Amino acid sequence: MSHDPRIAAAEAALERGDIVKAATLASALCDQRPHLPDGWYLLGLAEAAAGRVSRGLPLVQRAVAQAPTPRRLAQYARLLSLGRRDGEAGRTAREALALGPEDALSFDTIGCVLARLGDHEGSITPFKAAVKREPGDIGFRYNLAAACGFTGRIAEARDHYEILLTREPRYARAHYALAILERQTAGSNHIDRLRAVLASTNDPLDMLRLRYALAKELEDLGCHDDAYAHLANANAARKRDLGYDFASDAALFDALETGFAADVPPGEGLDTRAPIFVVGMPRTGTTLVDRILSSHPDVASAGELQAMPLAVKEAAATPSRVVVDAATIAASLTADPRVLGERYMARATPHWPAGSLHFVDKLPANMLYVGHIARALPNARIVCLRRNPMDTVWSNFKNLFAPGSPYYFYSNDLMDIAQYYARFDRLVAFWQSRFPGRILELGYEALVADQEGETRRLLDHCGLGWDAATLAFHANTAAVATPSAAQVRRPINADAIGRWRVHAEALEPVRRFFEANGIVVD
């Protein structure tokens, strides 16, 4: 960039969040010096900061075309990623990295883009470079710590979290990440520190994370009543803040069953056998099955993709800001199946690891899209995980999902989870009747009891030959970015089976609800 003081002033305005001032200065630069990239670049960043990514992208692209510096390329990659143009985002981020940025922010931005694409291993190098240049930056070190945790570098992750907590003792995200990083013991835990930080915190989201962290560590130590008290408090507050009503999810299930019960317009889907969908309620073993499948030499994990939800939303063209709702499902039923399949593959392919014949898309919420998958990708395999309903409810209640994702709003109340499970159970039966033979239902408890037998059944359904490596899934070195990371790095075990019984009294209303609705809990 040149030394025009307006450039520095616009950058400073962006830094402090004064978007209007930044845009005004940048616009003046564009008017007076359209042949130079500075104004277009800063105006594009200002548009993106205002939430107008689609308007910011072409402006930054223009600046990059004029002068592709590492900093501009890194920011361009970030906006491409925000715009869901994942393939271009990945290529641009790697191009920026190859040019050798000089500033920490560009390295961190590149790392964030790669992490968003699921390349957690690839994100380690730029995150380390960012921390090396600015070791005191809390955000940069947190991103590196998280990437270390996802890639199995547990000791490194622990050390980074502790370093940043010495600098920012009330950083709730780090406290929570440290709590779930590994199993805590009586001789090594953070309970006293967590209690002290919680007592001095008023921010609702920080309190949520700290209570979940405390609950997890207390549960590890067998302090079940205290753990439940923190979970109940955190979830009740979160439900109040969200204003969630199960009726919104009930309407979505109704739209799926009503829409796909009717004859949908004919059409041929896309002929590909590449995707394997692993669906189900969260916390039912989807990550475990993903690890088993991706231990096969012909299969790689693509992670939890938003490719099908976004393809359906694009096909529906509904104006709502949420990705899925009843209106979107209804509008999507007339979509051409082949076009929908092509849109899915266009979004999924950038996440498909090179060299594998198949990839696993393990977004649990794809259970809502089984009808779309069956039509758009007639040769794709679908595996639905099932788990004891009581364990499913308890595991959903005690895990902190992405706070901003409406997929999991039901998870803050035991009875809401129970109602969601009942509708999920009914939806699976509906899909089985509507698309017979397309879905393999795989029980978590059955897989634990007969690992080889159920693994063989899984591989057969997916059209894969037997490979003993699938029994050693815990040796799989690929990154894991879910709450199950610690569990799937251990051999298969029955530790999580029947865990709900520790809290049987609190879960008694759930048990009675299931009994009244004909859902077997034992």
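If one computes the Cα centroid of the range 16-94 and of the range 379-409, what distance in Å separates the two points?
If you average the Cα positions of each part, the centres end up 37 Å apart.
Measure nothing fancy, just the Cα-based angle from helix 337-348's long axis to the longest principal axis of the chain, in degrees from 0 to 90, nearest 10.
Approximately 60 degrees, to the nearest ten.
Once a ≥ b ≥ c are taken as the square roots of the eigenvalues of the Cα gyration tensor of the range 1-70, is the result rounded (a/c under 1.5), prolate (a/b larger than b/c) or oblate (a/b not larger than b/c)?
oblate
Shape verdict for the range 362-494, please, from the Cα gyration tensor: rounded (a/c under 1.5), prolate (a/b greater than b/c) or oblate.
Here the range 362-494 falls in the oblate category.
Find the relative contact order for the range 139-182 and round it to a whole percent, using C-alpha pairs within less than 8 Å whose residues are 6+ positions apart.
37 percent
Apply the Karplus parameterisation 6.51 cos²θ - 1.76 cosθ + 1.60, with θ equal to phi minus 60°, to every residue of the range 194-208 and state each ³J(HN,Hα) to the nearest whole Hz, in sequence, with x for glycine and proline.
These are the phi-based 3J(HN,Hα) values: 5, 4, 5, 5, 4, 5, 9, 10, 10, 5, x, 6, 5, 4, 4 Hz.
Please list the non-local residues whose amide H lies under 5 Å from the amide H of Glu441, H modeled 1.01 Å from N, same-chain partners needing a gap of 5 or more.
Cys384
Quick one: how many Å² of Arg55 are accessible to a 1.4 Å probe, rounded to 10?
Arg55 exposes around 140 Å² with every protein chain in place.
Once you keep just the Cα pairs under 8 angstrom separated by 6 or more residues, what percentage relative contact order results for the chain?
Across the chain, relative contact order equals 12 percent.
Compute the acute angle (0 to 90°) between the alpha-carbon long axis of helix 86-99 and the principal axis of greatest extent of the alpha-carbon atoms of the chain; round to the nearest 10°.
Around 50 degrees separate the two axes.
If DNA, RNA and ligands are ignored and the probe is 1.4 Å, what is the ranking of Val20, Val131 by accessible area, most exposed first?
Descending accessible area places them as Val20, Val131.
Ordering Tyr420, Tyr407 from largest to smallest accessible area (1.4 angstrom probe), what's the sequence?
Tyr407, Tyr420
Give a residue-ordered list of calculated ³J(HN,Hα) values for the range 450-456 (Karplus: 6.51 cos²θ - 1.76 cosθ + 1.60, θ = phi - 60°; whole Hz; x for Gly, Pro).
Whole-Hz 3J(HN,Hα) from phi for the range 450-456: 9, 4, 5, x, 6, 5, 4.
From the square roots a ≥ b ≥ c of the eigenvalues of the alpha-carbon gyration tensor of the range 238-323, which class results: rounded (a/c under 1.5), prolate (a/b over b/c), or oblate?
Oblate, since a/c reaches 1.5 and b/c is not below a/b.
Which ³J(HN,Hα) values, rounded to whole Hz and listed in residue order, are derived for the range 250-260 from phi using the Karplus coefficients 6.51, -1.76 and 1.60 in 6.51 cos²θ - 1.76 cosθ + 1.60 with θ = phi - 60°, glycine and proline given as x?
4, 5, 5, 4, 4, 5, 5, 5, 5, x, 8
Cα axis of helix 104-116 to longest principal axis of the chain: angle in degrees, 0 to 90, nearest 10?
Tilt relative to the chain: about 30 degrees.
The values are calculated or read from the model by the stated rules, or taken from the named source; none is laboratory data. Only a predicted model underlies this, so the values are computations on that prediction, with no experimental measurement involved. Remember, those area values only see protein heavy atoms, side chains included, never the ligands or the DNA or RNA. Shrake-Rupley method; radii C 1.70, N 1.55, O 1.52, S 1.80 Å.
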